[in-house]
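Report on one structure; see the data block that follows.
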Amino acid sequence: MKENVIVGIDLAGKATNPTGWALLKNKQIQTCHLYTSKEILSHTCNCSSTLVAVDAPVTLPNKNAMREADRQMHKLGYPVLPPRFSAMKTLTLRAKRITKKLKENKIQVIEVHPTSTRKALGIPTKNWKRIQEILQKIGYKGDIERRTLTPHEIDAATATLTAHLYIKGKTKLVGDRKEGYIVIPLKNDWTRLQT
């Protein structure tokens, strides 16, 4: 059976800010910071990724400030920022462009929200040191064992966890076909998870 190669992207709105990028294969995770869209696409397309999880809205709402996915996330207790928020619009448009290029390369893309993933799994949302320890306990190896990851890298690593659970059928889709879905894990205790 072909090994899944998962990429997580904690996308920055501007190329001058760091984007967290993570590659998960055989429980080994590699993480780094990337800047330009060209770098992000090159890294992602050159590693034979089978699934890419993007931490950013990859679609805009048809009319309103919020998509159905955003409204449903709020109702579930997972607050996300609306794509048409002034600061978010730049990020969303960048995510749309990158997603389009990835799909043209026959790469499957899902939208994720790492803070909501951690909340669903009982992982601290912003205690970065503890989150890194928990990801190791779940089974992640590689860069995560060797050095302290930045918050952007940890969000990208969390995105790969969401994608891994998605492949295993342990997530749900929030939203609709028209405006797009956000993938979040089914509620669970992280101590029961293994990558």
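For this structure, a couple of remarks:
- The sole residue among K14, K119, K38 that is of a type in the set (D, E, K, R), in contact with a Gly (Cβ under 9 Å, 6 or more places away or on another chain) and farther than 25 Å from K178 by Cβ is K119.
- Taken together, L34, L11, L23, L51 contain a single residue that is of a type outside the set (S, T, Y), at pLDDT 95 or above, in contact with a Lys or Arg (Cβ under 7 Å, 6 or more places away or on another chain) and surrounded by 18 or more Cβ atoms within 10 Å (Cβ to Cβ), which is L11.
- For the range 78-115, the set of residues classified as of a type in the set (G, A, S) and modelled with pLDDT of 95 or more consists of A95 only.
- Within the range 143-155, being surrounded by fewer than 17 Cβ atoms within 10 Å (Cβ to Cβ) and touching a residue at least 24 places away in the same chain (Cβ under 8 Å) holds for T150, P151.
- Among the residues of the range 168-190, those identified as outside any strand (DSSP E or B), surrounded by 12 or more Cβ atoms within 10 Å (Cβ to Cβ) and of a type outside the set (F, W, Y) are K168, K170, E179, N188.
- A count restricted to the range 128-142 and to residues that are surrounded by 13 or more Cβ atoms within 10 Å (Cβ to Cβ) and basic (K, R) stands at 1.
- Hey, P57 modelled with pLDDT under 95 and more than 17 Å from H43 (Cα to Cα) or not: no
- Restricting T125, T115 to those that are polar (S, T, N, Q), surrounded by fewer than 20 Cβ atoms within 10 Å (Cβ to Cβ), farther than 20 Å from A69 by Cα and free of Cβ contacts under 8 Å to residues at least 60 places away in the same chain reduces the list to T125.
- Selection count where residues are in a strand (DSSP E or B) and farther than 18 Å from E111 by Cα, scope the range 12-62: 8
- Residues of the range 81-112 satisfying the condition of being crowded, with 22+ Cβ neighbours inside 10 Å and assigned to a loop (DSSP other than H, G, I, E, B): P83
The values are calculated or read from the model by the stated rules, or taken from the named source; none is laboratory data. What you see is a predicted model, and the numbers here were worked out from it, not measured in a lab. Neighbour counts are summed over all protein chains in view; Cβ atoms, including those assigned to glycine, are modelled from backbone coordinates with ideal geometry.
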